[in-house]
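Below you'll find the structure, written out as structure tokens, and then a few comments.
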Amino acid sequence: MRKLWSLLLALAMLATASAAMADGMTPGTYTAEATGNNGPVKVEVTVNEDSIVSVEVVEHAETAGICDTPIATIPGAIVEAQSVAVDTISGATNTSKAIIGAVTDALTQAGADIAAFSQATQKEFVLSEDVQDLSADVIIVGAGGAGLAAATTVQQAGGSCIVLEKMAMIGGNTARSGSTLNAADPERQQKLELTADIQEVYDAIEAEPVSEAHAALQQKVKEQLEAYVASGETYIFDSPELHALNTFDAGDRVADLDLIQTMCSGALAARTWLSELGCEWTEQVYLTIGGLWPRSMNALEGPSGIINALKKNVPDEAIMLNTKATELIVEEGRVTGVRAYDVVSGQQYALYGNVILATGGYGANAALVAQLHSIPELMTSNAASSTGDGMLMAQEIGAALTGMDKIQIHPHGNPQTGALQSHFAGSVTNSIYVNKEGHRFTEETGRRDTISEDTLKQTDHVMFSIYDARTASDSSDSAVELGNAYKADTIEELAELAGIDAQGLADEIARYNELVEAGKDTDFGKKAVELKIEEAPFYCVPLSPTIHHTMGGLKIDTDTHVYNEAGEVIDGLYAAGEVTGGIHGGNRIGGNAITDIIVYGRIAGENALADK
Ligand code: ADP
């Protein structure tokens, strides 16, 4: 009986297909392109008279790690369904739409009846009636950097874990980061001359302390600085304590100093651990946007280098993609698991084990952002997955939140999409930020929130990063090709291309070069000036503020226990990464988020496993 059904079904499908393709196509291979996130996505589509034979993505500039799943799955889905009405991949919607759009174009060229190839293939979504029970030592919600760091730690310690990920792919917002990690790293820093102003360190240690712990930290850095000065060395001065002091100061001294010190003292070990897992790093440390001290390094392969390293020890079977956690299970005052469902099949699950929430921030939840913050309506650099789920789930069971009025607006957004473009925005030491009138208006090495606030006061809420050939990288030229940056042999030409006042820009660059010559930025107090802007070709990157990081979140301690509103630990519940609050205070230092998620992801994995 079952065989007969299958035969009838197959015949029915064939009948529909041939009816749909009655007009016939001109057999051959067609190429077409459509715009994705970073530029054109080009496909090659081969058809015979009545069907799509193959689809291949042959060229694209989409972000590695984010585009992998749609590129691997959508072409096959289109061939299998003989339809362009296939599902987009959550978290990679623009890449998905570009592939579908380009295939539609190629089919049109082949003379296809597009309506016939657009029959919906989606089933109606229904939640299952049965709830499947699963268990592991640790249930981790979220497969971004923090969740995967926790999962790797559990696996390495011989425990079992299940990682729930609501999107069709792992990586979360971490996959969209600049992959910048901060750590005091003597091996790297002692190879470089200090060009940042040491006065910054004196200012930090001489400021009026706000607590005994703050005073003790200042004292420790003071002793380190005295020893450095006495040694006569001129390499980059740094230590985990100075990193902690910078983090506390930059966050307006409202963050939890214990959390900060745990993060900073674990920073180098976190980076080394990632290196052991196969993630390679830039040799030179540098001063990143809003980083405030030269202690940043980047994964050589960008964020996918970090995600791939973190995924290496986590078996595929341990990660449930397309599975959204909805509710924490509480039994006799202890969190014993989490409820979830498969967003494609509708299967419901109850997953039992100690729970780590690693669901990221809420920067892409526009309603929540508007409810919590009185800021202008802005785009976001965040993945669509950053909707605050874990924070809200924990709040439902009485978890305390902290720092909820703090949000970071990053100055390096693409003015059209909000996507982060720090990787081709130049270097803060060797670029200048100007407005449409060609004038500098902010300190390029300053805090991200200050630069963003200053930009919002400029014409069209836009600033332009200007740099010369010596600061350019391969990604600068790719950005030019994709229309996200301009390049010209003269400043006048550059200004004209970008719509900046040419005379204003020429005067500003002449002034800036005088300041570099004098070795000090007396106009805006830039922390370090190194290179003049003088070698053609010149580059210009338009940038607008974009919502980037939510500093508030679940209240945790240094063991990543989540606290309730009565100030007690919620047994069985842990949290790590952007879902937590209290670490970055009022403003997060650039490069500290990766440090945070790796350090605390590891701690959460260790403790949730030990607490069986
Ligand atoms: P972090 O930097 O703190 O690791 P990320 O944004 O990189 O944060 O990762 C968070 C991950 O959590 C994302 O991949 C996101 O899709 C996932 N996530 C968020 N909410 C849920 C949920 N309700 N169920 C399952 N996964 C979730």
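The values are calculated or read from the model by the stated rules, or taken from the named source; none is laboratory data. Here the structure is a predicted model, which is why all the values come from computation and not from measurement. A quick note on method: Cβ atoms are made from the backbone with ideal geometry, for glycine too, and the neighbour counts reach across all protein chains shown. Please note that ligands, DNA and RNA were not included when accessible areas were found on the heavy atoms of the full protein model with its side chains. Shrake-Rupley method; radii C 1.70, N 1.55, O 1.52, S 1.80 Å.
Has region 118-129 got at least one residue that is within 16 Å of the ligand (Cβ to nearest atom) and either assigned to a helix (DSSP H, G or I) or loosely packed, with under 14 Cβ neighbours inside 10 Å (or both)? Give the steps one after another, and end with the answer.
Start the filter on region 118-129 by keeping residues that are within 16 Å of the ligand (Cβ to nearest atom), which leaves 127.
Subset that is either assigned to a helix (DSSP H, G or I) or loosely packed, with under 14 Cβ neighbours inside 10 Å (or both): 127.
For region 118-129, residues within 16 Å of the ligand (Cβ to nearest atom) and either assigned to a helix (DSSP H, G or I) or loosely packed, with under 14 Cβ neighbours inside 10 Å (or both): present.
Filter region 331-376 down to residues that are aliphatic (A, V, I, L, M) and part of a loop (DSSP other than H, G, I, E, B) and give me whichever is nearest to the ligand (Cβ to nearest atom).
Quick first cut of region 331-376, residues aliphatic (A, V, I, L, M) only: 335, 338, 340, 343-344, 350-351, 355-358, 364, 366-370, 372, 375.
Filter once more, keeping what is part of a loop (DSSP other than H, G, I, E, B): 343-344, 358, 364, 375.
Numbers: Val343: 9, Val344: 13, Ala358: 5, Ala364: 9, Ile375: 20 Å.
Here the answer is Ala358.
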Any chance Thr580 is crowded, with 21+ Cβ neighbours inside 10 Å and not basic (Lys, Arg): yes
Selection from region 390-406 of residues that are surrounded by 17 or more Cβ atoms within 10 Å (Cβ to Cβ), within 16 Å of the ligand (Cβ to nearest atom) and part of a loop (DSSP other than H, G, I, E, B): Gly403, Lys406
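Suppose we filter region 408-426 for residues that are part of a helix (DSSP H, G or I) and in contact with an Asp or Glu (Cβ under 7 Å, 6 or more places away or on another chain); how many remain?
The initial filter retains those residues of region 408-426 that are part of a helix (DSSP H, G or I), namely 422-424.
Then keep just the ones that are in contact with an Asp or Glu (Cβ under 7 Å, 6 or more places away or on another chain); that gives none.
The qualifying residues number 0.
Quick one: which residue in Gly91, Gly178, Gly142 is at positive phi, out of contact with any Asp or Glu (no Cβ under 9 Å at 6 or more places or on another chain) and within 16 Å of the ligand (Cβ to nearest atom)?
Numbers: Gly178 fails: at positive phi; Gly142 fails: out of contact with any Asp or Glu (no Cβ under 9 Å at 6 or more places or on another chain).
From the options Gly91, Gly178, Gly142, the qualifying one is Gly91.
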Qualifying residue in region 435-451 (condition: assigned to a loop (DSSP other than H, G, I, E, B), within 16 Å of the ligand (Cβ to nearest atom), of a type in the set (Ser, Thr, Tyr) and buried (at least 21 other Cβ atoms within 10 Å of the Cβ)): no
Failed item in (1) more than 26 Å from His561 (Cα to Cα); (2) open to solvent by 10 Å² or more (accessible area, probe 1.4 Å); (3) at pLDDT 95 or above; (4) of a type in the set (A, V, I, L, M), with Val201 passing the rest: (2)
When residues of region 233-288 are limited to those that are in a helix (DSSP H, G or I) and among the β-branched types (Val, Ile, Thr), the one nearest to Glu200 (Cα to Cα): Thr247
Any chance Asp133 is open to solvent by less than 70 Å² (accessible area, probe 1.4 Å) and either within 14 Å of the ligand (Cβ to nearest atom) or modelled with pLDDT of 95 or more (or both): no
Tally, over region 364-384, of residues that are within 20 Å of the chain's Cα centre (by Cα) and surrounded by 16 or more Cβ atoms within 10 Å (Cβ to Cβ): 10
Test result for Phe524, among the aromatic types (Phe, Trp, Tyr), at pLDDT 95 or above and within 30 Å of Pro376 (Cβ to Cβ): yes
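Is it true that Ala184 is closer than 21 Å to Ala394 by Cβ, more than 14 Å from the ligand (Cβ to nearest atom) and surrounded by fewer than 24 Cβ atoms within 10 Å (Cβ to Cβ)?
Taking the combined requirement at face value, the residue does not satisfy it.
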Which numbered condition His412 misses (of (1) under 28 Å from Arg470 (Cβ atoms); (2) open to solvent by 30 Å² or more (accessible area, probe 1.4 Å); (3) touching a strand residue (DSSP E or B) at 6+ places or on another chain (Cβ under 7 Å)): (2)
Residues that are under 16 Å from Gly390 (Cα atoms), hydrophobic (A, V, I, L, M, F, W, C) and either more than 16 Å from the ligand (Cβ to nearest atom) or open to solvent by 40 Å² or more (accessible area, probe 1.4 Å) (or both), drawn from region 561-577: Ile570
Single residue of region 212-236 satisfying the filter (open to solvent by less than 50 Å² (accessible area, probe 1.4 Å) and of a type in the set (S, T, N, Q)) that is nearest to the chain's Cα centre (by Cα): Gln218
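Kindly indicate the residue of region 158-169 that is open to solvent by 40 Å² or more (accessible area, probe 1.4 Å) and touching a residue at least 60 places away in the same chain (Cβ under 8 Å) and also nearest to the ligand (Cβ to nearest atom) among those meeting that condition. Step through it out loud before you land on a result.
Filtering region 158-169 down to residues open to solvent by 40 Å² or more (accessible area, probe 1.4 Å) leaves 158, 160, 166.
Now restrict to residues that are touching a residue at least 60 places away in the same chain (Cβ under 8 Å): 160, 166.
Details: Ser160: 18, Lys166: 4 Å.
Among those that are open to solvent by 40 Å² or more (accessible area, probe 1.4 Å) and touching a residue at least 60 places away in the same chain (Cβ under 8 Å), it is Lys166.
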One residue from Pro70, Pro27, Pro75 being under 26 Å from Ser422 (Cα atoms) and either of a type outside the set (Asp, Glu) or in contact (Cβ under 8 Å) with a residue 12 or more places away in the chain (or both): Pro70
Asp501 being modelled with pLDDT of 95 or more, acidic (Asp, Glu) and surrounded by fewer than 20 Cβ atoms within 10 Å (Cβ to Cβ): yes
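Among the candidates Thr429, Thr387, which residue alone is in a loop (DSSP other than H, G, I, E, B) and open to solvent by 30 Å² or more (accessible area, probe 1.4 Å)?
Details: Thr429 fails: open to solvent by 30 Å² or more (accessible area, probe 1.4 Å).
When all the criteria are applied, what remains is Thr387.
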Residue that is closer than 26 Å to Gly605 by Cβ, part of a helix (DSSP H, G or I) and open to solvent by 20 Å² or more (accessible area, probe 1.4 Å), where the choices are Asn308, Asn298, Asn313: Asn308
Selection within region 519-560 - open to solvent by 50 Å² or more (accessible area, probe 1.4 Å) and among the charged types (D, E, K, R): Lys520, Asp523, Glu530, Lys532, Glu534, Glu535, Lys555, Asp559
Single unsatisfied condition, Val516 versus (1) without any contact (Cβ under 8 Å) to a residue 60 or more places away in the chain; (2) farther than 30 Å from Ala399 by Cβ; (3) open to solvent by 50 Å² or more (accessible area, probe 1.4 Å): (3)
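Do the conditions hold for Gln155, that is, is it assigned to a strand (DSSP E or B), open to solvent by 40 Å² or more (accessible area, probe 1.4 Å) and either of a type outside the set (Lys, Arg) or more than 22 Å from Gly36 (Cβ to Cβ) (or both)? Let's see the steps before the verdict.
Working: assigned to a strand (DSSP E or B): no; open to solvent by 40 Å² or more (accessible area, probe 1.4 Å): yes; either of a type outside the set (Lys, Arg) or more than 22 Å from Gly36 (Cβ to Cβ) (or both): yes.
Spelling it out, it is not the case that Gln155 is assigned to a strand (DSSP E or B), open to solvent by 40 Å² or more (accessible area, probe 1.4 Å) and either of a type outside the set (Lys, Arg) or more than 22 Å from Gly36 (Cβ to Cβ) (or both).
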Tabulated pairs, region 587-612, first closer than 13 Å to Gln408 by Cβ and within 15 Å of the ligand (Cβ to nearest atom), second β-branched (Val, Ile, Thr) and at pLDDT 95 or above, C-beta under 6 angstrom, 6+ apart or interchain: Gly591/Thr180; Asp596/Ile583
Qualifying positions in region 65-109 - in contact with a Phe, Trp or Tyr (Cβ under 6 Å, 6 or more places away or on another chain) and either among the polar types (S, T, N, Q) or surrounded by fewer than 22 Cβ atoms within 10 Å (Cβ to Cβ) (or both): Ser83, Gln109
